[in-house]
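Beneath this line is the structure, given in structure tokens, with notes to follow.
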Amino acid sequence: MAEELRALELNGTWTFSTLPPGKKPVDCKWIYKIMRYADGPVERYKARLVAKGFTQVEGIDFNETFAPVAKLVTVRCFLAVSIVKKWEIHQMDVHNAFLQSDLHEEVYIPIP
């Protein structure tokens, strides 16, 4: 959890402020997961801070939602092209990835 907090701070994910009148915070919680090697032993313990977005109302708290997940057909297509082109493929696990672009809206969460 300390590693995730440090990554969030180093990335400039948030700034501390007072909740303005008329705004409501989006609650958040920590999700914990045990990451294991392929043969079973524990590699590391992973913590992720997630927003409880289900408390928001469309049109008031947000306008659009996106799921940053690759479709299986895209992955298969990439693998097929890689085989034809004889590209070398590497699998990797990124510990802290900040893949989303900057928000233009203001989002308030309680201090985790």
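Tabulated values for the structure
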quantity	calculated
22 Å Cα-Cα reach of K52 towards lysines, excluding residues that sit fewer than 8 places from it in its own chain	K23, K24, K29, K33
Per-pair calculated FRET efficiency, R0 = 35 Å: T74 and D27 via Cβ, rounded to 0.05	0.60
Built amide H within the under 5 Å cut-off of Y108, gap 5+	V26
³J(HN,Hα) computed for each position of the stretch 84-89 - Karplus, 6.51 cos²θ - 1.76 cosθ + 1.60, integer Hz, glycine/proline x	4, 7, 6, 7, 8, 10
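Any read-out appearing in this document is the output of simple, stated calculations on the displayed coordinates, not a laboratory observation. Everything numeric in this text was worked out from a predicted model, so none of it was measured. Virtual Cβ from ideal backbone geometry, glycine too; neighbours counted across all protein chains shown.
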